[in-house]
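Each reported figure results from applying straightforward, stated rules to the coordinates on display, with no laboratory input. Keep in mind it's a predicted model, so treat the numbers as computed, not measured. Glycine gets a Cβ as well: all are built from the backbone with ideal geometry, and neighbour counts include every protein chain shown.
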Amino acid sequence: MYAHLGKILLTEQEIMNKVVGLGQTISRDYKNKELLVVGILKGAIIFMSDLVRNITIPVEFDFMAVSSYGTSSRSSGVVRILKDLEQNIKDRHVLLVEDIVDTGLTLKYLLENLQTREPASLKTCTLLDKPERRLVKVNVDYNGFAIPDEFVVGYGLDYDQKFRNLRDILMLSPEVYEK
Ligand code: PRP
């Protein structure tokens, strides 16, 4: 259906198998606890909606939206909060959910920021990880797939805000973004 956009890196089925496994592991690790799942908008929403439906313990949701200060200063690690949590996370078990960890700067900032709010625990879950691109060390507790340094779209990930609704994850071919 969208073969002209690029090659499939991960199929819908491969993604679902992974998400089911992550949901089981998280449910086991947080047994007898109440979990607050925090999605980082917008990329994480598709992954988060599948993940929480594979978690079998009680969960609540909250969301944050962040943006880096311009592309040129991206490596500075300065992140702006566009939307903050609605809940107080003091003494809560918080799991941050990302679609992808790239340089690690966003996650590092979020972890440092949220830690000051004194949660009972703070862990991270990402569907995709590009280890080759990492600029800062950041701890990822639940990691779906390590992927090569390719431009990927689909299942929440965008190019110019598009393609987030694709069911598979594709490596966008250069013809698309060089147009
Ligand atoms: C992406 C992704 C992470 C961040 C990872 O968000 O969802 O939040 O970049 O990159 P980093 O590890 O280099 O900091 P993006 O800013 O593209 O926004 P989006 O989620 O709305 O697509």
**Asked** Sorting 46, 8 on the 10 Å Cβ count, fewest up front, what's the list?
**Response** 8, 46
**Fill in**
Scaled by the rule-of-thumb 2.2 N^0.38 Å, the alpha carbon Rg for the range 1-132 gives a ratio of 1.11
**Request:** Just the number, please: percent antiparallel of the DSSP beta bridges in the range 60-153, rounded to the nearest 5.
**Result:** 25
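Magnitude of the Cβ-charge dipole of the range 92-149, K/R +1 and D/E -1, about the Cα centre, nearest 20 debye?
I would put it at about 180 debye.
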**Request:** Collect residues whose amide H, placed 1.01 Å from N in the peptide plane, falls under 5 Å from the amide H of residue 172; neighbours closer than 5 in sequence don't count.
**Result:** 151, 152, 153
**Request:** Enumerate the amide H contacts of residue 56 below 5 Å, restricted to partners 5 or more residues apart or on another chain; note that Pro and chain-start residues carry no placed amide H.
**Result:** 27
**Asked** ³J(HN,Hα) across the range 24-34 via Karplus (A = 6.51, B = -1.76, C = 1.60, θ = phi - 60°), whole Hz, x for Gly/Pro?
**Response** 5, 4, 5, 4, 5, 5, 9, 3, 6, 10, 9
**Prompt:** Once you charge only the Cβ atoms, +1 for Lys and Arg and -1 for Asp and Glu, what is the size of the charge dipole of the chain about its Cα centre, to the nearest 20 debye?
**Reply:** 220
**Request:** Would you work out the relative contact order for the range 24-175, in percent, from Cα pairs under 8 angstrom that are 6 or more residues apart?
**Result:** 20
**Message:** Spelling out what I want: for every residue of the range 137-154, take phi, set θ = phi - 60°, compute 6.51 cos²θ - 1.76 cosθ + 1.60 (Karplus), and round to whole Hz; glycine and proline get x.
**Reply:** 6, 8, 8, 10, 7, 10, 10, x, 9, 7, 10, x, 6, 10, 6, 10, 9, x
**Request:** Apply the Debye scattering formula to the range 135-179, with a single equal point scatterer on each alpha-carbon and no solvent, then give log10 I(q)/I(0) at q = 0.21, 0.29 Å⁻¹.
**Result:** -0.81, -1.08
**Message:** Skipping prolines and chain starts, which residues have an amide H placed within reach, meaning under 5 Å, of the one on residue 44, given they are 5 or more residues away or on another chain?
**Reply:** 99
**Message:** Number of Lys pairs in the chain with C-alpha atoms less than 21 angstrom apart, excluding same-chain neighbours closer than eight positions?
**Reply:** 27
